[in-house]
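Beneath this line is the structure, given in structure tokens, with notes to follow.
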């Protein structure tokens, strides 16, 4: 009886764990994610919203956003991590890309309510829930009485592409690279599949690529997952994981931004994108351990390789502009992975 009571107390003390070494940890915001950020950029970017209004958000950039930039040939847009520490991502990318007149590094800062409150930012600054920005979700009202239009985090990226594609501001720009590491790599991959502003660079003659570095999950376009089927995939049994095909793991029940497009529609456009799936051979942590992620493979490399095969199946042929790149010996950090020889080559659109 005493042993039973001790075991029961141990389970209760595990704070919602399943009391099993095999059970995945309960997912949710970490304490670090819930804290207000310490650093906010002193540059703001205005995003058009409904009714001719704009929403503001800070953007870290190594050049002034209000100036024309003749001579800039490459722009790198990084995505902040789950803690919203856009400044740290900016510092890491700037050290990888380097500082010079021919490049520009930008990292938009998707704020939460505690961030705007701490830094005294008014209601004209967009704010999201702790995790809502990561998958294209809409911003939230500043107050209960605030009726200002809301903006998707992906609409922010659309606006940045429109800005960079303006030849009056960037007459010499030749390429734009989106990059995300870890959980923010999922944001980059989702945007590559659903972005409404992705044609703007093409119209301006600017090449666009996506570097999905150390991603733990991907957006699937049908209900098949790696399995024992004839082609290595099989229809996934929904009873094993109800949300396996729901956004952001699949095209069902997407963010409002992505409404109205089927998985087939998204796949047809996505396979034409230039995407590099960069994985470090030392980055063995699968990160997302939920059943939706486990349905895609055992770890990051396994999931990336499966995903490229998935794309070949839905497209009828392997996407010519997409590949998995393994950076051998690279540290499992954003600076370590992107700063490796393979990481720098991926950013530049070169082979490794």
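Miscellaneous remarks
- Across all Cα pairs in the range 203-352, the calculated P(r) in 5 Å bins from zero up to the longest distance comes to 2, 9, 18, 20, 21, 16, 10, 4, 1, 0 percent per bin.
- The fraction of all Cα pairs in the chain landing in successive 20 Å bins from 0 to the largest distance is 29, 58, 12, 1, given as whole percents.
- Of 146, 166, 222, the one that fluctuates the most in a GNM where the chain has Cα springs shorter than 10 Å: 146
- Among 41, 152, 165, the largest mean-square fluctuation in a Gaussian network model of the chain, built with springs joining Cα atoms closer than 10 Å, belongs to 41.
- The chain: relative contact order as a whole-number percent, Cα under 8 Å and 6+ apart: 14
- The GNM of the chain, with springs linking C-alpha atoms under 10 angstrom apart, assigns the highest mean-square fluctuation among 118, 63, 207 to 118.
- The protection proxy used here, the mean number of other Cβ atoms lying within 10 Å of each residue, ranks peptides 95-102, 84-91, 125-132 as follows, highest first: 84-91, 125-132, 95-102.
- Inter-part distance where the range 286-352 and the range 155-217 are each reduced to a Cα centre, Å: 18
- The antiparallel fraction among DSSP beta bridges confined to the chain stands at about 30%.
Readers should treat all values here as calculations from the given coordinates under stated rules, not as data from a laboratory. Since we're looking at a predicted model, the values are computed, not measured. We place every Cβ from the backbone using ideal geometry, glycine too, and count neighbours over all the protein chains shown.
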